[in-house]
1. I'd like the residue in region A:1-36 that is more than 11 Å from the chain's Cα centre (by Cα), within 13 Å of chain B (Cβ to nearest Cβ) and farther than 9 Å from A:Ser72 by Cβ and, out of all such residues, is most open to solvent (accessible area, probe 1.4 Å).
2. Using the structure shown, decide if B:Gln6 is under 26 Å from A:Gly104 (Cα atoms), facing chain A (nearest Cβ under 9 Å) and surrounded by fewer than 16 Cβ atoms within 10 Å (Cβ to Cβ).
3. Out of all the residues in region A:31-60, which are farther than 16 Å from A:Gly106 by Cβ and of a type outside the set (Val, Ile, Thr)?
4. Would you confirm whether or not region B:52-59 contains a residue that is open to solvent by 40 Å² or more (accessible area, probe 1.4 Å), in contact with a Ser or Thr (Cβ under 7 Å, 6 or more places away or on another chain) and among the acidic types (Asp, Glu)?
5. Only one of (1) open to solvent by 10 Å² or more (accessible area, probe 1.4 Å); (2) more than 14 Å from every other protein chain (Cβ to nearest Cβ); (3) closer than 24 Å to A:Lys92 by Cα fails for B:Thr80. Which number is that?
6. Going through region A:37-65 one residue at a time, which ones are over 13 Å from B:Pro109 (Cα atoms), open to solvent by less than 40 Å² (accessible area, probe 1.4 Å) and in a strand (DSSP E or B)?
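The values are calculated or read from the model by the stated rules, or taken from the named source; none is laboratory data. Bear in mind the structure is a predicted one, so any value in this text is a computation, not a measurement. Positions of Cβ are backbone-derived with ideal geometry, glycine not excepted, and every protein chain shown enters the neighbour counts. Quick note on the areas: whole protein, heavy atoms, side chains included, nothing else; ligands and nucleic acids left out. Shrake-Rupley method; radii C 1.70, N 1.55, O 1.52, S 1.80 Å.
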Amino acid sequence: GQQVMQIPQYQHVQEGEDFTTYCNSSTTLSNIQWYKQRPGGHPVFLIQLVKSGEVKKQKRLTFQFGEAKKNSSLHITATQTTDVGTYFCAGKGYGGATNKLIFGTGTLLAVQP
Amino acid sequence: GAVVSQHPSRVICKSGTSVKIECRSLDFQATTMFWYRQFPKKSLMLMATSNEGSKATYEQGVEKDKFLINHASLTLSTLTVTSAHPEDSSFYICSAETQGSTDTQYFGPGTRLTVL
């Protein structure tokens, strides 16, 4: 079945450093979404990418969808302590009767002040 | 807008009892709701897709007689964990898609189930 992997599993940075998490799917995706989950919280939708090669920015966050629509990345510039949490990518495949999302394995970001 | 609530937020029960978790879309109608399970420090695992007025579609390996799902209205889906055992202890999260939009899921706050 479809699998979505993320690397790294865990990243510890000093406040102000940059951070990147990479997402790779075993199959081509119709779209990819990114979520952030704070410790003890639930996933919160960040963004959706649909087009091949698409790049979107949200303040210090830059999201990219690969040309083959099988991988994606999230880059945070100048991390802040409020960026702490686990970042999940989630992909939707083509076909099938449901609109289910397959979540990636997640990257836990720790930011030291 | 697009708020999803879950009740209860936390439940502790004895082994062998059944627990019902409610998922409600508060300000929109959701034709489709999803139930996920998350173990500590792990990703979300889709358990089933729930469509209003029809039987839920379960993912491979998820026991439908163990995890009963009912989606009786456009704003409410319930997950009942029957004859719960300690291995069922987990964080259960629901999500809902807004009617007319199948690209964004809004997540509930989750229910932490502990089976003693």
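1. A:Gln9
2. On the way: under 26 Å from A:Gly104 (Cα atoms): yes; facing chain A (nearest Cβ under 9 Å): yes; surrounded by fewer than 16 Cβ atoms within 10 Å (Cβ to Cβ): no.
Spelling it out, it is not the case that B:Gln6 is under 26 Å from A:Gly104 (Cα atoms), facing chain A (nearest Cβ under 9 Å) and surrounded by fewer than 16 Cβ atoms within 10 Å (Cβ to Cβ).
3. Hits for region A:31-60 are A:Asn31, A:Gln48, A:Leu49, A:Lys51, A:Ser52, A:Gly53, A:Glu54, A:Lys56, A:Lys57, A:Gln58, A:Lys59, A:Arg60.
4. Yes, there is a match, as at least one residue in region B:52-59 is open to solvent by 40 Å² or more (accessible area, probe 1.4 Å), in contact with a Ser or Thr (Cβ under 7 Å, 6 or more places away or on another chain) and among the acidic types (Asp, Glu).
5. For B:Thr80, the exception is condition (3).
6. A:Leu46, A:Ile47, A:Gln48, A:Leu49, A:Leu61, A:Thr62, A:Phe63, A:Phe65, listed by residue number.
Residues checked against (1) of a type in the set (A, V, I, L, M); (2) at pLDDT 95 or above; (3) surrounded by 20 or more Cβ atoms within 10 Å (Cβ to Cβ):
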{"position": "B:Cys23", "(1), (2), (3)": "no, yes, yes"}
{"position": "B:Asp27", "(1), (2), (3)": "no, no, no"}
{"position": "B:Trp35", "(1), (2), (3)": "no, yes, yes"}
{"position": "B:Ala84", "(1), (2), (3)": "yes, yes, yes"}
